[in-house]
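The values are calculated or read from the model by the stated rules, or taken from the named source; none is laboratory data. Since this is a predicted model, take the numbers as computed values, not measurements. All Cβ positions, even for glycine, are placed from backbone atoms using ideal geometry, and neighbour counts span all protein chains on display. Ligands, DNA and RNA are stripped out before the accessible areas are found, and what is left, the full protein with its side chains, is counted by its heavy atoms. Shrake-Rupley method; radii C 1.70, N 1.55, O 1.52, S 1.80 Å.
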Amino acid sequence: NDTERGYMNSSNTNVGGWKDCARRKWCNDVYYNALPSVFRSMVKEVNKKTSAGNQSSTINTTKDKAFLLSESEIYGSTTYSKPGEGSQYEYYKTTSNRYKLPKWSSSSKSHIYYDRSPYGGDSSYFCRVDDHGYANCHYASSSRGFAPCLCI
């Protein structure tokens, strides 16, 4: 299954973090509303914790129906993000599952995808999973893949 690719914000900023980024609006509006109604009826809104961005340690809580995982939800630790963005999901405790990257198209191999964590050392980057399954970060306006999540 293909994933959307695009930016976290149209300009290179992580100010406002996940709470204020363009990709959050896309996840909760465009992506969620494109799901068949039978799936939408099963989705539970969840509270997601994420840094406020701009190198801030302040953690904001948002209510989301569709969301990107945080660095700590994938890896169980922080390399580029600020602490406090949730606990590692059981699925990702199996290291090989981190390497199951989304595809950009049916003919391309798996590729890099963003997570929702702002990079903690700069105001221009968001964190991402690189093409080898490792934590990394990149400019907020770069075109990268996405792997939206839902809680049922």
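If a/c stays under 1.5 just call it rounded; otherwise compare a/b with b/c (prolate if a/b is bigger, oblate if not). Do that for the chain, with a ≥ b ≥ c from the square roots of the Cα gyration tensor eigenvalues.
The shape class here is rounded.
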Quiz prompt | Percent carbon-and-sulfur accessible area, segment 26-152, ignoring ligands, DNA and RNA, probe 1.4 Å | solution = 48 percent
Quiz item: What are the radius of gyration and Dmax of segment 107-152, computed over its Cα atoms and given in Å?
Solution: 11.4, 36
Self-check item: Sites residue 134 and residue 90 - FRET efficiency at Förster radius 22 Å, r taken between beta-carbons, to 0.05
Solution: 0.65
Quiz item: Taking H as built 1.01 Å from N, whose amide H comes closer than 5 Å to the amide H of residue 14, not counting residues under 5 places away?
Solution: 54, 124, 125
Exercise. Report the relative contact order of the chain, percent, no decimals, based on alpha-carbon pairs under 8 angstrom and at least 6 residues apart.
Key: 33 percent
